[in-house]
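Student: First the structure, which I've put down as structure tokens, then a few questions once you've had a look.
Derivation of every value follows stated rules applied to the coordinates shown; laboratory data play no part. Bear in mind that the values here come from a model prediction, so they are computed numbers and not experimental data. Reconstructed Cβ throughout: ideal geometry from the backbone, glycine too, with neighbour counts over all protein chains shown.
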Amino acid sequence: MRNVRNTAVVGMGIMGPDISLGFALGGCGVMAYARRAESDVDAIVQNGFALRLASIGPVRMVDYAGLDTALALMKYVYGKTGNPWFKPPKILVEKVEKGELGMKSGKGFYTYASGEVDRIRKVADETVIGVKKALRIK
């Protein structure tokens with residue numbers, strides 16, 4: 001068995017539950033607004049972004065997907081639902097306006113050195129492949 005490194009986050013407070021709450025609200029929102037079954041929502045997460053998210057974190061995941069992509073999605077959902085939960089945060093709008101689009105531009109919430117994007121994508125992809133093999137998921 002491999003050793004897993006634990007990292008303490010000083011002053012984390014309520015952030016863990018806040019992030020979890022975001023996923024709960026997002027999942028319930030998709031069921032309500034897009035009229036999707038629970039199993040569809042879970043399957044999208046389990047077979048889509050969840051393993052990458054676990055390996056790189058939610059903020060870097062936005063960089064991975066593209067800040068412009070995240071902004072467009074938030075604007076669309078907010079426009080359809082009027083739900084303030086989906087209103088794009090000012091920081092996201094400002095970064096997109098400055099051309100900070102995440103990994104595709106070399107800067108988003110993080111700044112990426114030459115070759116770092118490929119390394120991060122490889123780690124994220126290998127995490128997905130490794131876990132799916134371990135769980136025997138096709």
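Student: Going through the cross-link list LYS95/LYS122; LYS75/LYS132; LYS90/LYS132; LYS75/LYS104; LYS87/LYS132, which pairs have a Cα-Cα distance over 28 Å in this structure?
Tutor: Details: LYS95/LYS122 25 Å; LYS75/LYS132 33 Å; LYS90/LYS132 37 Å; LYS75/LYS104 20 Å; LYS87/LYS132 34 Å.
Table pairs above 28 Å Cα-Cα are LYS75/LYS132; LYS90/LYS132; LYS87/LYS132.
Student: Here is a follow-up. Could you run the Karplus curve 6.51 cos²θ - 1.76 cosθ + 1.60 with θ = phi - 60° over the range 35-43 and give me ³J(HN,Hα) per residue in whole Hz, x for Gly and Pro?
Tutor: These are the phi-based 3J(HN,Hα) values: 6, 10, 6, 3, 5, 5, 5, 4, 5 Hz.
Student: Which shape class, rounded, prolate or oblate, goes with the range 42-101 when its Cα gyration tensor gives a ≥ b ≥ c as root eigenvalues, a/c under 1.5 marks rounded, and past that a/b bigger than b/c marks prolate?
Tutor: Here the range 42-101 falls in the oblate category.
Student: For LEU73, LEU51, what's the fewest-to-most ordering of other Cβ within 10 Å of each Cβ? Working shown, then result.
Tutor: Details: LEU73 14, LEU51 20.
With the fewest neighbours first, LEU73, LEU51 line up as LEU73, LEU51.
Student: OK, next. Starting from the 7 Å offset along Cα-to-Cβ, what nm value, one decimal, do you get for the label separation of LYS87 and ALA72?
Tutor: Simple spin-label model gives 2.4 nm for this pair.
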